[in-house]
Amino acid sequence: MKRLFTLISLLVLASMVLAACGPSAAPAYECTDALGCVTIAPAEPVHIAYWGVLSGADASLGEDSKRGVEIAIDDMGGKVLDHDILLTTEDGGCTPEGGATAAAKLASDTSLVGLIGSSCSDETVGGIAAITNAGLTTISPSNTRPVLTSPDRGPDYAGYARTAHSDAFQGKAVAEFAYNFLKVTKAATLHDGSAYAQALQQVFADEFVKLGGTIVAQEAVAKDATDMKPVLTTIAAAGPELFYYPVFVAVGGFVTAQIRDVAGLEDVKIIGSDGIFTADLLKGGGANTKGMYLSSPDFSAFTGDYAGFIAKHKAKYGGSTLSTFHAHAYDATNILFAALEKVAVVEADGTIYVPRTALREAIFATKDFKGVTGTLSCSPSGDCGAPVIAVYEIMDSDPASWDPTSATAPNPKKIYP
Amino acid sequence: MKKENFLWSAVKTGLIFGAIAIFLCFLGMVEVFSKRDVVEKILTLGQFVLLATMVSAGLVASRRTSSLLEKNTPVSNLVAGLVAGLLTGLVLALLVVIGAQINLRAVFLNASPTLYKLLTFDKGVGNVWILPTIGVVAGLIGAAYLLLPQILSRPITRSIFFVIFMALFSGLFRVIMINQGAGMSRAAKYIFGQTGVTSPGALIFFFGVILITIFWDFRGKAIQSGIASLPKGGQLSLRVIAIIVIVLIILLLPLASGPFIAQVIVTVALFVLMGLGLNITLGFAGLLDLGFVAFYAIGAYTVGLLTSYGPFGLQHIPFWVAVPIAVLVSMGAVFMLGLPVLGIRGDYLAIATLGFGEIVRLLAGSDFLAPFFGGPQGIIGIQKPCLGLLEPFVKVDVPRICNGIELGKPQDIYYIAVASALLIAFAAWRLRESRLGRAWMSIREDEDVAEALGVNLIQTKLLAYMLGAAMAGLGGAIFATLIGSIFATSMQLLVSINVVSLIIVGGMGSIPGVIVGAIALIGLPELLREISEFRYLLYGMTLIIMMITKPEGLWPSQATRRELHHAEVEAGVKV
Amino acid sequence: MRTSIGERLLDLAVSGVLWGFRILLVAGILIGTIATVRAGKYTSEQWIDFVVFGISQGSIYALIALGYTMVYGILRMINFAHGDIFMTGAFAGYFLATWLNGTGFIDNNPVLGLVIPILFAMIVAGGIAMLVERIAYRPLRGAPRLVPLISAIGASFFLEYAFRGFFGPGVYAYPPIKALEGEWNILGIAVLKVQVVVAIAAFIMMAILYYIVMFTKVGKAMRAVSESKDTAALMGIDVNRIIVSTFALGAAMAGAAGVLYSLIYRQVGFFMGFTPGIKAFTAAVLGGIGNIPGAMVGGLVLGIFESVGPSLFLEGLGIPRPYQLKDAIAFTMLVMILLFRPSGILGERITTKKA
């Protein structure tokens, strides 16, 4: 049995290798693009892919963005340039190796035109080199790590843009909220060992000190920690008025559930960020989530038709949105399609040629694009987002009541600015 | 009297397989697999799984009947198969009926309306009689299969497995073939659909394998003896041709298949490297090291720190210089991680090394050592290998320019990884035949006797650790370059467990076994990413089944095979 | 007597490294402790809080450790899947408790509302453990040490991902028992009611187990089998049945631990057994594997050290974010015990106590 399989596998592989040496048909259109062109035959779909965290505790984050992409495709009628749109997905697992493997798989597929993703900054760090080198461009709806779009970010990131904000903004907004609105002067932070959390709490700490406050404690736990009481006791010993823990769902749930049991922290104000802006936090954190603050992109500052988007979301999926970046994913997809329509060469018979460099440049040249999240323009280093951060307060700890965009009973509800 | 027994056994078999079918439904496997096709538009993978369960019910019942009745009555076998299949179908039908009344979904997420729709082919609860009917037919097929002569049943089994294999990997093969050019592209679309094989493709594969099997059955022996009777020169040249073909395939594969397969092979090659290392530590010397990932981490971090152009890079030296240093540092780390535990034996050694591995990971990712190791932000910006000279280092976050060929893509690292793996495999092979290798094996068998015979325990064990660590360090170094960044979260206990599993599943102490184990446990799950939901479930199941049926591994060394079956005989087969 | 210089040096090196570890450890602990106490950051109330957290966490570790230690005593096998048995108990308890909660039963009968899910969890966990034993371990009784280990690893993955398939990758919130919210004032110290109840429940279970093992016929048979399988068989003991009972008993303890754990941490998820499993195993080794009181002691010691350690030693040593290294403390203790006192705190098997 074993030998038979090896024999057959070898035959298959050998035939592939031999085929590599065979002649290929010459295209009618001469592709002069430095990175090559994607050729789409008349009957074939335009293939785009979404890559992000689609499994594990943070799956709701990736699923939320994916829905934004799907709604954008629906709005295009499922077609672009008269071809059907085919959306496939890859799971990055919110880790660098996961991102690297997902990216490698995507990079091998020469039928791909463009990508939306990733969800977690870690995935991008692992996978962006493969994507850029394959000539693909990816627009992330939810990476927030500052260095990803900094001007000196390196050539590996030539194919990377994002419609999400950078945490440099979010940390600052939270600091301003704490100091100016809540009027606290002593704050403590906690991170869960993820690159996202550690960077974000540091931005907050630096900005808060600049405003005149003091950071009394900066602690950290491991991602799989469950017993938070000792670390919370240490934080309590420092006497903070505000406790900021911009972590992911696993740690966020445990901290919120246990914090009021620790002497000294019964009245401390608690605030988290977009990593726990999901109904899963209410499940894990229980009754203590009521009154908790969460920072996130400001939904009411979206200048586009966000209400219309929400209506479409409700119609297609029932229930409310899962997390924060669905509209950003919607805009990212539309930016991709707009650039595609601009640079694609369409033959009379319906064959499409998409020059890769031209597509990449068109994406980066996006100016005054009327998206749902705002009027977007992309900087040369890939920042396309219109960063307005708001702070929300959780009104009800029942996970079934989660509906941040409801007009009548939003939960959580925006309170700042 | 016996007649009662075999029917009753068939009933029991049917119930057990019915439970298994429900288990698969509740897992969500049936639903998820329904999105994948075996044969496009004809058979989904989910349907296949359920069918396979029913056929297996019939098969097992038939086999039990044969052993119960001790004589050959095909009719009883068929009846048993029928009964078993019927019961499996009935149990499933029961699920649908109950599910329509009670909301099972409150507990089992996958007991959803979608599932019931799938089970009744979308025709509602009234149509539930379909399931037992299919069960009866499937059970009969299963039972009949056992009655077929081997000449017929073997080719059929192989063909079916081959079709399934092609269906699972259809996405992959399709992409590869499309990349080759118009001709291959048309062929690809003819036999591979988007989610499975097409009907013509299935027929081609099925009958193709049957023909090949029948051909081999009839002419195989003749061919083999033909080759054996060739003069030595002839045999040698055949071997050389085979080797050349294999080498060509290895060299050209990344060009044909693109970065994804190259990346998967690199990952497999790295695990082969680690496996070879652990093979020395555990397979030859019998030291159960569950903290093996620590050496991998040390190798990766050393290369990272030495070559990175990011803020944590220490020296900015080229890859080719950094790798030997990383290997040496890993070997040096043995003095901290291996030396203390030299006196510990057996399971305690496993736990102690597990502890060390976790301590290394926690320290590397901690804020405490962040100024040195990057903490949660990790080390990014690792310079790619350059076949040529590197321009001098300019400033932080600017990569050094390569005056030559930069080996940046997975396809390039592929060559480095595969070459290293083959080199180390060769070295491991020579080591095993050497005096040192024999000393190791004597320690593995019995430490005290070995010492009495003059083997220096400390030295020999230390060498086993050091060589194992060196290989793991090499693997880590290549990994760091492949991903271009290192995070402490990659250095989990899971990696050590994977390495131990793969050398045992492949065959402990056996070098080809390590390669086979790595392909089976690391390569396959990576390639089958669509099934990734159930990857670890199947992984766990595979481990259990392998240990029960073939504990000596897939490609064992001669000694292990003798050892394990000897132990089996000694202990008695069933307790 | 032909020890060469090289060999002498190596021996020296080994002892040197071992002594170096000892000194580093003791020095680290002393310096850290002194510095922390001098800094005076924590009140004595807070220190007591740390210890109380440690005891409640530790009693859960102890319960799980019992299963490990019993199985190792009898089969010399590390049951990697034991942490996941703990998880199955937690899920079972969760579903029953949620159902009971829906009918208001728990609010009206807090004691029963606690006990019934625990019993249910014990039964389910025991059942699953017996299934695992039958399928994955029994066929491998005579095999060399590594084979059942790999099979156990496989069983662990299988259980984890089967439950993930059944119940999804998210977490479930265990319904809180209203009667257990708030604090009690014991001897002037404010302790959470939940923690006290958990610790007491754990102790009761351990006492019951100890009684079973020491004073009943089944227990005697278990001890006999763990001393020598063949002799026990010769004495007429059904070795198979005893092995199965051991698994079931250990699993029942773990299942109960699952419910208790969920009461405190309120989250139930498919992966929750992985880390507690490793920690509990550490506890078992700490206390002396094969030794039942040892498992209890090991669990408590581990829990307390994990809770108190970061603030007591690490902070004093100037290590930032000490709680990240909480697990490192646990593993360091494990390694130290294995290096310097492998028989554990209370020494190895219970059978060394000759009647």
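The values are calculated or read from the model by the stated rules, or taken from the named source; none is laboratory data. Everything quoted here is computed from the prediction, not taken from an experiment. Here Cβ is always computed from backbone atoms with ideal geometry, including for glycine, and neighbour counts include all displayed protein chains. Remember, those area values only see protein heavy atoms, side chains included, never the ligands or the DNA or RNA. Shrake-Rupley method; radii C 1.70, N 1.55, O 1.52, S 1.80 Å.
Averaging 1/r over each pair of different alpha-carbon atoms in region B:328-428 and inverting the result gives 17.4 Å, the Kirkwood hydrodynamic radius. Computed per residue of chain A from DSSP H runs no shorter than four, each worth -39500 (n - 2.57), the mean residue ellipticity at 222 nm is -12000 deg cm²/dmol. Across region B:381-393, computed HN-Hα scalar couplings (Karplus, 6.51 cos²θ - 1.76 cosθ + 1.60, θ = phi - 60°) run x, 7, 5, 7, x, 10, 8, x, 9, 9, 5, x, 5 Hz from first to last residue, x flagging Gly and Pro. One quarter of the surface of the convex hull around the alpha-carbon atoms of region B:347-501 equals 12.1 nm², the direction-averaged projected area. Sequence-distant contacts, meaning Cα pairs under 8 Å at least 6 residues apart, place the relative contact order of region B:213-357 at 21 percent.
Roughly how many whole Å is it from the C-alpha centroid of region A:307-358 to that of region C:175-214? Cα centres, region A:307-358 to region C:175-214: 56 Å. The mean number of partner chain beta-carbon atoms within 10 angstrom of a residue's beta-carbon across peptide C:7-15 is 3.
Positive end of the charge dipole of region A:123-241 (Lys, Arg +1 and Asp, Glu -1 on Cβ, about the Cα centre): tell me which of A:TYR160, A:ALA205, A:LEU136 has its Cα farthest that way. It is A:ALA205, whose Cα lies furthest towards the positive end. The charge dipole of chain C, taken about its Cα centre with unit charges on the Cβ atoms of Lys, Arg (+1), Asp and Glu (-1) only, comes to about 820 debye. Semi-axes of the equivalent ellipsoid of the protein assembly as shown are 43, 43, 36 Å, computed as sqrt(5λ) over the eigenvalues of the C-alpha gyration tensor in descending order. Measuring with a 1.4 angstrom probe and ignoring ligands and nucleic acids, B:TRP555 comes out at about 120 Å² accessible. The mean accessible area for residues of region B:1-118, using a 1.4 Å probe and ignoring ligands and nucleic acids, is 49 Å² per residue.
Overall, the ratio between the Cα radius of gyration of chain C and 2.2 N^0.38 Å, rounded to two decimals, is 1.07. Taken as entire DSSP H runs, the helices of chain A never both span 30 Å or more between Cα atoms along their own long axis and average 1.6 or more on the Kyte-Doolittle scale.
Label sites at A:LYS314 and C:ALA190, each approximated as a point 7 angstrom past Cα along Cα to Cβ, lie 4.4 nm apart.
Backbone geometry of region C:225-239 corresponds, through the Karplus equation with coefficients 6.51, -1.76 and 1.60 at θ = phi - 60°, to 3J(HN,Hα) couplings of 5, 6, 6, 7, 4, 5, 5, 4, 4, 4, 7, x, 7, 7, 4 Hz, x marking Gly and Pro. Given R0 = 30 Å, the distance between the Cβ atoms of C:ILE212 and C:SER15 translates into a calculated FRET efficiency of 0.10. Label region B:1-104 by shape, choosing from rounded, prolate and oblate, from the square roots a ≥ b ≥ c of the eigenvalues of the Cα gyration tensor; if a/c is under 1.5 it is rounded, and otherwise prolate applies when a/b is larger than b/c, oblate when it is not. In terms of gyration-tensor shape, oblate. Of the peptides B:388-400, C:241-253, B:154-166, the order by per-residue mean of other Cβ atoms within 10 Å, starting with the highest, comes out as C:241-253, B:154-166, B:388-400.
With unit charges on the beta carbons (Lys and Arg positive, Asp and Glu negative) and the dipole taken about the Cα centre of chain B, which residue among B:GLY454, B:LEU94, B:GLY475 sits farthest to the positive side? Of the options given, the answer is B:LEU94.
Label separation (A:MET76 vs C:ALA179): 6.1 nm, computed from points 7 Å beyond Cα along the C-beta direction. Chain B and chain A together bury an accessible surface of about 4000 square angstrom, both sides counted, with a 1.4 Å probe and no ligands or nucleic acids included. On the principal axes of its alpha carbon atoms, region A:304-379 extends 42, 32, 17 Å, with the longest extent given first.
The charge dipole of region A:235-352, taken about the Cα centre with unit charges on the Cβ atoms of Lys, Arg (+1) and Asp, Glu (-1), comes to about 360 debye, rounded to the nearest 20.
Ordered from highest to lowest accessible area with the whole protein assembly present and a 1.4 Å probe, B:ARG239, C:ARG266 read as B:ARG239, C:ARG266.
If you take the Cα centroid of region C:84-120 and the Cα centroid of region A:69-105, the two points sit 43 Å apart. By the rule of a second cysteine Cβ within less than 4.7 angstrom, chain B holds isolated cysteines at B:CYS25. Taking amide H positions as modeled 1.01 Å from N, with prolines and chain starts lacking one, the residues under 5 Å from A:ASP403 and 5 or more places away or on another chain are A:ASN411. The label-point distance for B:LEU248 and A:LYS290, in a model that sets each label 7 Å from Cα toward Cβ, rounds to 7.5 nm. Ranked by the mean number of other Cβ atoms within 10 Å of their residues, highest first, the peptides C:65-77, A:229-241 fall in the order C:65-77, A:229-241.
Place a point 7 Å from Cα of A:ASP84 in the direction of its Cβ. Which residues in region A:107-125 have their backbone N less than 16 Å from it? Answer for region A:107-125: none. With respect to chain B, whose longest principal axis is taken over its alpha-carbon atoms, helix B:199-228 is tilted by about 70°.
Note on C:309-319: average number of Cβ atoms from other chains within 10 Å of each residue's Cβ is 2.
Near the amide H of A:ALA390, within less than 5 Å, lie the amide hydrogens of A:SER296, A:ASP298, all on another chain or at least 5 residues away, with H placed in the peptide plane.
Remark: region C:157-310 carries a charge dipole of roughly 200 debye about the Cα centre, counting +1 on each Lys and Arg Cβ and -1 on each Asp and Glu Cβ.
Exposure check, 1.4 Å probe, all protein chains in place: C:GLU315 carries approximately 50 Å² of accessible surface. Phi angles across region B:258-274 convert, under the Karplus curve 6.51 cos²θ - 1.76 cosθ + 1.60 with θ = phi - 60°, into 3J(HN,Hα) values of x, x, 5, 5, 4, 4, 4, 5, 4, 4, 4, 4, 5, 5, 4, 4, 5 Hz, Gly and Pro given as x.
Contact order normalised by length for chain C, with contacts defined as Cα pairs under 8 Å and 6 or more residues apart; what percent is it? Write down the numbers at each step before the final one.
Details: 545 pairs, mean separation 118.1, N = 355.
Normalised by residue count, the contact order of chain C is 33 percent.
Note on B:TYR415/B:LEU148: beta-carbon distance plugged into 1/(1 + (r/R0)^6) with R0 of 30 Å gives a FRET efficiency of 0.05. For A:SER140, the amide hydrogen comes within under 5 Å of the amide hydrogens of A:GLY117, A:ALA161, A:ARG162, A:THR163, counting only partners 5 or more places away or on other chains and with H modelled in the peptide plane. Considering only alpha-carbon pairs that sit under 8 angstrom and 6 or more positions apart, the relative contact order computed for chain B is 14 percent.
Carbon-plus-sulfur accessible fraction, chain C (probe radius 1.4 Å, protein heavy atoms only): 69%. For the peptides A:364-371, B:302-309, B:192-199, residues were scored by their other Cβ atoms within 10 Å and the scores averaged per peptide; the highest-first order is B:302-309, B:192-199, A:364-371. Peptide B:349-361 has a mean shielding of 6, counted as Cβ atoms of other protein chains within 10 Å of each residue's Cβ. Farthest towards the positive end of the charge dipole of the protein assembly as shown, among the residues B:LEU255, A:HIS47, A:LEU322, is the Cα of B:LEU255, using unit charges on the Cβ of Lys, Arg, Asp and Glu.
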